[in-house]
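Notes to accompany the following structure.
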Amino acid sequence: MQAPTGRVGRGVRQGSAKPCTRVRISYAPPIIMKSVVVCGSKKYRVEIDKFCEELEKLGVLVFEPSIQKPLHETTKINSEYITSKVFKGLTLEHFDWIRKAEVCFVYNKGDYVGVSVTLEMGYASALGKPIFALSSKTGDPCRDVLIDKVVKTPKKLASLL
């Protein structure tokens, strides 16, 4: 069998003088998108933004937290009802990104993660997603055991995907 080339040509069937159409199809390898969801505290938003930018430059699809213009936990938007819906939406949006990404990366600078990251780590673990982190410590041994691998740089993280 000839290797696929992508050409379409006219030929003659073997053992026949009748012309036939030959179609050769080229097979492209599937595009593999590397993806990661980043979880971290808004107090490290500048560092997280830089980390995410580096990952994107390396060809990684990055789902990053909505912390570039953070809402403080005591923020009230028109009413308690609307405020609760906004915070619920932000939480569920991040859960959706965790579900879509191949890997969950915890940006735990200074061995710190907050309540939201704790929820996100639990959700990622429940989905069977690998959890990589900047450090092996999070401030709580029950969270620490969820970390599968310590990864210090965007380049190393991209190489593992």
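The values are calculated or read from the model by the stated rules, or taken from the named source; none is laboratory data. No experiment lies behind these values; they were computed from the predicted model shown. So basically every Cβ, Gly included, is an ideal-geometry build from the backbone, and we count neighbours across all protein chains shown.
A few comments on the model shown:
- Helices (runs of 4 or more DSSP H) fully within the range 79-161 counting 2 or more residues that are more than 20 Å from the chain's Cα centre (by Cα), farther than 21 Å from TYR44 by Cα and not acidic (Asp, Glu): 80-100, 141-144
- The residues of the range 57-85 that are at pLDDT 75 or above and in contact with a Leu (Cβ under 8 Å, 6 or more places away or on another chain), listed by number, are VAL60, VAL62.
- Residues in the range 99-113 that are surrounded by fewer than 22 Cβ atoms within 10 Å (Cβ to Cβ) and under 19 Å from PHE51 (Cα atoms): GLU102, LYS109, GLY110, ASP111, TYR112.
- Close pairs (8 angstrom Cβ cut-off, 6 or more residues apart or separate chains): more than 19 Å from ARG99 (Cβ to Cβ) in the range 45-64, buried (at least 21 other Cβ atoms within 10 Å of the Cβ) and of a type in the set (D, E, K, R) anywhere: ILE48/GLU64; ASP49/GLU64
- LEU161 among the hydrophobic types (A, V, I, L, M, F, W, C) and closer than 19 Å to GLU64 by Cα: yes
- Among residues of the range 114-129, those that are crowded, with 22+ Cβ neighbours inside 10 Å and among the basic types (Lys, Arg), counted: 0
- Test result for TYR123, of a type in the set (Phe, Trp, Tyr) and in contact with a Ser or Thr (Cβ under 9 Å, 6 or more places away or on another chain): no
- The criterion of being at pLDDT below 95, in contact with a helix residue (DSSP H, G or I) (Cβ under 6 Å, 6 or more places away or on another chain), of a type in the set (Asp, Glu) and surrounded by 13 or more Cβ atoms within 10 Å (Cβ to Cβ) holds for GLU54.
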